[in-house]
Amino acid sequence: MTSTNLRTAIFALLMLAIFSPNSYSQEGDLTINQSESISKLMTLKKDMYKNENDSNRYKIQIYSGGRTLAQEAKEAFSKHFPEWKPTIQYETPNFKIWAGNFRTRLEADRALKQIKKEFPSAFIFKPKKEKS
């Protein structure tokens, strides 16, 4: 390496070291104005979600199997029982259709009695608590 190239490289590194920390820095104040009702709604939503996945609740499994048939079962269930919202869950290797969010076993048994008329393989269970 020649001395001219070495001097140019050292000069470039020196300029880079001097000017680069200042070239991307920014300063400023950030103020967020939001309604108190947004915080209340967020808290309410968290509480609702927490209750939805409560492991002390009962659910009814309608179907377990392939994706296409699971989607068909979900649509059929929605037509027959609009009062209980079905959801698709994936547990390897099956897609499962779960419905309801019952507080007591008695409540789930009453629903199951109706559901079994259309979906004879349906059964009641308690979902396992998800690890956080």
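General observations
- Pairing each residue of segment 108-127 that is surrounded by 14 or more Cβ atoms within 10 Å (Cβ to Cβ) with any residue that is in a loop (DSSP other than H, G, I, E, B) and not aliphatic (A, V, I, L, M), provided the two are 6+ apart or on different chains, yields C-beta distances under 6 Å for A122/K116.
- Residues of segment 59-104 that are surrounded by 14 or more Cβ atoms within 10 Å (Cβ to Cβ) and aliphatic (A, V, I, L, M): I60, I62, A70, A73, A76, I88, I97, A99.
A short reminder: the numbers here are calculations on the coordinates, not readings from a lab. If you're wondering where the values come from, they're calculated on a predicted model, not measured in any experiment. So basically every Cβ, Gly included, is an ideal-geometry build from the backbone, and we count neighbours across all protein chains shown.
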